[in-house]
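Enquirer: Dropping a structure here in C-alpha cells format, bear with me for questions.
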Amino acid sequence: MICKNLSVNSDGHLCFAGADTVRLAAKYGTPLYVMDEDRIRERCRTYLGAMREAFGEAALPLYAGKAAAFRQIYRVMREEGMGIDVVSPGEIYAAASVGFPMERAYFHGNNKTDADIAYAIEQGVGRFVVDNREELDALNRIAGEKRIRQKILLRLTPGIDPHTYAAVATGMVDSKFGVAIETGQAAALTAYALALPNLSLEGFHCHVGSQVFDSDVYLRACAIMLEFAAAMKAEHGYVMRELDLGGGYGVRYLDSDPEIDIAANIRQVGEALRAHCAALGLPVPAVRMEPGRSIVADAGLTLYTVGTFKQILGYKNYVSVDGGMTDNPRFALYRSPYTVYIANRMNEKAALRASVVGRCCESGDILQENVPVPDTVTRGDIAAVLTTGAYNYAMSSTYNRIPRPAMVMLRDGEDKLVVRRESYEDLCRNEL
Ligand code: LLP
C-alpha cells in the first residue's frame, strides 16, 4: 500500500485511517472526500521538528493552503503551530474566520490587486511575498495610507529546472513568478525595495516547483539564494533575516514512486545552509518552507459509487463513477497518475484493465487509465482513488452543474463532516 494509513479488513474492504471506506460511503453518500486528520498533524510535526533541528528555533513551516484550503484545515494548522502561505483574499478570509493568527500568514501571488493588498493589510497578514515592481509600489502606497510599515519578502527565481511537469515548474528564469537573479533584475528590485519608506525587507523567497523528487534541487536553490544575499550585503550592507525556500517535495501516487524522507532532506539542507552562511559571513536566517502537497496529499482519498462497467469487446473497458473531473481535474490537466481500487473487492483478483471515468459530458473526463479491476465489478461497488488530499477539493468545479462532494475528516477513529455536500440550491445561489 502506498501509505501506512491504508489496510484491508476481514470483509475485504479498504480501510483508511482505520475506518471502513465502504461504511463511510454508505453513511455520507458519494462522491466523498475523506481526509485523515491524524496524518495531516503527523506531517506538520515532521516539518516543525525537522526544521527547528536543522535551521534553529526561528524556523517555521508554512502550510501552502492552495493544496487544500478550508476552515477545518486552518484550525488544524493553528493548533499545530504552523504558519500558512495564502494566495488570495478568499484564503485569507477562510483562515481568519477560524481565528488563525494572521501574523503567521505569508501572502503570495503574481498579481495582487489594490483591493487584495488593502484587505490583507487589514487582516494583519504577517508578510507579503512581493513578486514585482508594480506590487512594491502599490503596497508601499497602501501601507503608507494605512500608516503601517509592512514586512515583505521578495520572490526571486534562482534559475533552476526542478524536473517536474511544466505546469508546476516555477524556479526557472522565464517563469511568470518572481524576478530573475541571473538577469540582474533581482538585485535592482532589492535596491528599489530598500529605499521604500513603508516597507521592511525581511528577506527573500524562492519556490522551484512542485512534485519534486530530486533533493539536489533544494541544495542548489539554497546556495544560489545565499550567494545572492551575500551580494546584497556587500552592495548595500543589507543583512537578510528570513529565507523562504518554498514548497514542492513530491508524494507517492503509485507504488512505483519513491518515498521522500522529508526529515532527512531538511537535515541535509540545514547542514548545507549553515556551511554556506559561515563561508559567506552571513548570520543563519530564519528559514521558511511552504509544503502543501506533502502535508495533505496522502492524507486524502475520494470515494465514488460505480454506475456502469462497459466492456467494448476487443477494445477497451470503462468503469464509470458518480464524480470525475469536477472533483479531480488532475488527470485531465496533467495526466497525473493515481492508484485506484474497488474498495469493496480488495481480496478479489484484479485481472482486467479499465479506464475509470467520470460522469461529465466530455470524453476527457478521465480519472485514470489502465486501472486493474476485478471482472466482477458492478453497479453499486465503491471505487477509491487514493492520494487525493492535495489539489482536488481545491481545484474542484461545478461543471455540468455537478455539486461538489462533501468532505469527512477522520481523527482518533472518529469521522466528522467538515464540508457539507453542495446542494442544487447552492449552485443557483448567486443567480438572479
Ligand atoms: N509555495 C509556492 C510559492 C507555490 O507556488 C506552491 C505551489 C507551493 C508553495 C506548494 O507546493 P507543494 O508543496 O504543494 O508542491 N495544481 C498543481 C499544483 C500547483 C502548485 C502551485 N504552487 C497540481 O495539482 O499538481
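Enquirer: Go through Met232, Met225, Met240 for me and flag whichever is within 25 Å of the chain's Cα centre (by Cα) and of a type in the set (A, V, I, L, M, F, W, C). Outline the logic, then answer.
Expert: Details: Met232 fails: within 25 Å of the chain's Cα centre (by Cα); Met240 fails: within 25 Å of the chain's Cα centre (by Cα).
Only one candidate passes the filter, namely Met225.
Enquirer: Restricting attention to segment 84-101, which residues are away from the ligand (no atom under 16 Å from the Cβ) and either assigned to a loop (DSSP other than H, G, I, E, B) or not aromatic (Phe, Trp, Tyr) (or both)? Let's see the steps before the verdict.
Expert: Applying the first criterion (away from the ligand (no atom under 16 Å from the Cβ)) to segment 84-101 yields 89, 93-94, 96-101.
Hits for segment 84-101 are Pro89, Ala94, Ala96, Ser97, Val98, Gly99, Phe100, Pro101.
Enquirer: Could you grab the pairs with beta carbons closer than 8 Å, sequence gap of 6+ or different chains, first residue in segment 227-255 and among the basic types (Lys, Arg), second one more than 9 Å from the ligand (Cβ to nearest atom) and part of a strand (DSSP E or B)?
Expert: Arg241/Glu202; Arg241/Gly203; Arg241/Ala286
Enquirer: Restricting to segment 276-288, and then to whatever is surrounded by 14 or more Cβ atoms within 10 Å (Cβ to Cβ) and assigned to a helix (DSSP H, G or I), can you tell me which residue is farthest from the ligand (Cβ to nearest atom)?
Expert: First, pick out the residues of segment 276-288 that are surrounded by 14 or more Cβ atoms within 10 Å (Cβ to Cβ): 276-277, 280, 282, 284-288.
In the following step, the residues that additionally are assigned to a helix (DSSP H, G or I) were identified as 276-277, 280.
Values: His276: 22, Cys277: 23, Leu280: 25 Å.
Step by step, filter segment 276-288, then rank; the result is Leu280.
One line per residue, one yes/no per condition, for (1) away from the ligand (no atom under 16 Å from the Cβ); (2) within 27 Å of the chain's Cα centre (by Cα); (3) in a strand (DSSP E or B); (4) at negative phi:
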residue: Thr308; (1), (2), (3), (4): yes, no, yes, yes
residue: Ser336; (1), (2), (3), (4): no, yes, no, yes
residue: Tyr341; (1), (2), (3), (4): yes, yes, yes, yes
residue: Glu348; (1), (2), (3), (4): yes, no, no, yes
residue: Leu367; (1), (2), (3), (4): no, yes, yes, yes
residue: Thr376; (1), (2), (3), (4): yes, no, no, yes
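Enquirer: Restricting attention to segment 128-161, and to residues there that are within 16 Å of the ligand (Cβ to nearest atom) and among the β-branched types (Val, Ile, Thr), which single residue is surrounded by the fewest Cβ atoms within 10 Å (Cβ to Cβ)?
Expert: The qualifying residue surrounded by the fewest Cβ atoms within 10 Å (Cβ to Cβ) is Ile160.
Enquirer: Being surrounded by fewer than 23 Cβ atoms within 10 Å (Cβ to Cβ), over 20 Å from Phe228 (Cα atoms) and within 16 Å of the ligand (Cβ to nearest atom) is the requirement here; does Val125 meet it? Break it down stepwise before answering.
Expert: Values: surrounded by fewer than 23 Cβ atoms within 10 Å (Cβ to Cβ): no; over 20 Å from Phe228 (Cα atoms): yes; within 16 Å of the ligand (Cβ to nearest atom): yes.
Against the criterion (surrounded by fewer than 23 Cβ atoms within 10 Å (Cβ to Cβ), over 20 Å from Phe228 (Cα atoms) and within 16 Å of the ligand (Cβ to nearest atom)), Val125 does not qualify.
Enquirer: Being out of contact with any helix residue (DSSP H, G or I) (no Cβ under 8 Å at 6 or more places or on another chain), closer than 30 Å to Leu32 by Cβ and either within 16 Å of the ligand (Cβ to nearest atom) or not assigned by TED's automatic domain parsing to the domain that holds Ser397 (or both) is true for just one of Pro258, Pro291, Pro329. Which residue is that? Spell out how you get there, then give the answer.
Expert: On the way: Pro291 fails: out of contact with any helix residue (DSSP H, G or I) (no Cβ under 8 Å at 6 or more places or on another chain); Pro329 fails: out of contact with any helix residue (DSSP H, G or I) (no Cβ under 8 Å at 6 or more places or on another chain).
When all the criteria are applied, what remains is Pro258.
Enquirer: Within segment 203-231, can you find the residues that are within 24 Å of Asn140 (Cα to Cα) and away from the ligand (no atom under 16 Å from the Cβ)?
Expert: Phe228, Ala229
Enquirer: Of all residues in segment 329-348, how many are touching a Gly at 6+ places or on another chain (Cβ under 7 Å) and either charged (D, E, K, R) or over 24 Å from Cys15 (Cβ atoms) (or both)?
Expert: Number of matching residues: 2.
Enquirer: Which of the helices (runs of 4 or more DSSP H) found entirely inside segment 1-83 contain at least 2 residues meeting this: not assigned by TED's automatic domain parsing to the domain that holds Gly307? Let's see the steps before the verdict.
Expert: Details: elements: 21-28, 37-55, 71-80.
In segment 1-83, 37-55, 71-80 are the helices (runs of 4 or more DSSP H) which contain 2 or more residues that are not assigned by TED's automatic domain parsing to the domain that holds Gly307.
Enquirer: Kindly check whether there is at least one residue in segment 262-275 that is modelled with pLDDT of 95 or more, assigned by TED's automatic domain parsing to the domain that holds Glu369 and more than 16 Å from the ligand (Cβ to nearest atom). Even if it seems obvious, please write down each step before you answer.
Expert: Residues of segment 262-275 that are modelled with pLDDT of 95 or more, as a first pass: 262-275.
Pick out the ones that are also assigned by TED's automatic domain parsing to the domain that holds Glu369 and you get none.
Within segment 262-275, not a single residue is modelled with pLDDT of 95 or more, assigned by TED's automatic domain parsing to the domain that holds Glu369 and more than 16 Å from the ligand (Cβ to nearest atom).
Enquirer: Any idea which residue in segment 185-210 is surrounded by the most Cβ atoms within 10 Å (Cβ to Cβ), counting only those that are out of contact with any strand residue (DSSP E or B) (no Cβ under 7 Å at 6 or more places or on another chain) and at pLDDT 95 or above?
Expert: Of segment 185-210, the ones out of contact with any strand residue (DSSP E or B) (no Cβ under 7 Å at 6 or more places or on another chain) are 187-188, 191-192, 195-197, 207-208, 210.
From the residues that got through so far, the ones that are at pLDDT 95 or above too are 187-188, 191-192, 195-197, 207.
Working: Ala187: 17, Ala188: 12, Ala191: 12, Tyr192: 14, Ala195: 10, Leu196: 19, Pro197: 9, His207: 28.
Filtering first and then ranking leaves His207.
Enquirer: Residues of segment 102-122 being exposed (fewer than 15 other Cβ atoms within 10 Å of the Cβ) and more than 16 Å from the ligand (Cβ to nearest atom), which ones?
Expert: Across segment 102-122, the qualifying residues are Glu103, Thr113, Asp114, Ala115, Glu122.
The values are calculated or read from the model by the stated rules, or taken from the named source; none is laboratory data. The model shown is predicted, which means the values in this text are computed figures rather than measured ones. We place every Cβ from the backbone using ideal geometry, glycine too, and count neighbours over all the protein chains shown.
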